[in-house]
Amino acid sequence: MCKICWLSCVFLLLIDKVSLQQIEAVVGDNIILPCSNSDEALQNKPTVFWRFRDSKTVYDIIDSRASFDEQDASFRGRIESFPAEWTKGNFSITLSSVKKADGGLYTCFIPTVSKQMKVQLIVQERPVAQTLQRRNGDVKTVPALSVRAELRNRDAGRRTENRVLFSAALLGLTLLLLQKVHMAEDHIKSFDLA
């Protein structure tokens, strides 16, 4: 029984040292992969390792210096960090010009405090431009993200047209009804005069 309690405590301590965050990006974006340590004070010269899918070296900080010796070629020239923030425990990195192949699990490991932060990066393709045909026959190409707004604007114009048509039809029915009423009155007057 005591072993189960002890193992449970160890497991809970290990869980506390690992966190997982999900980040979404679109191909071509620049994104920040977060990693911070505020739980415990770090040595004056922190060491932090960023890995992609547990095998590719993304970025290393060794004794408060960026090290590119082992950096995977696919990340060269695309990773930046914030050295002024390291003393505050912020080891986040910026990944620029995100590619579809960048999607996956990133791990930030701080060995002096045995802490791991995992970031799941989900990369989506950039939506392509779409072509919309307007009622007057014009064709307009718009970015896919603004297609919804473009359709909403087009539909708003249609609503105005529909209101005008409805008002005209209502006015026509009213005039027709008034004409019938006048005809009925004239018909009644003709009976009264007779």
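Nothing in this text is a laboratory measurement; each read-out follows from the coordinates by a stated rule. Everything quoted here is computed from the prediction, not taken from an experiment. Here the Cβ positions follow ideal geometry from the backbone for every residue, glycine too, while neighbour counts run over all protein chains shown.
Pairs of Lys residues in the stretch 39-131, spaced 8 or more positions apart or belonging to different chains, with C-alpha separations under 20 angstrom: 10 in total. Under a 5 Å amide H cut-off, with hydrogens placed 1.01 Å from N, Ser36 pairs with Phe91 among residues at least 5 apart or on other chains. Counted by Cβ distance under 15 Å from Val58, the other residues give a net charge of 0, where Lys and Arg count +1 and Asp and Glu count -1.
Subtracting the Cα-Cα distance of Glu125 and Lys56 from 0.36 nm times their residue separation leaves 22.6 nm of extension gain.
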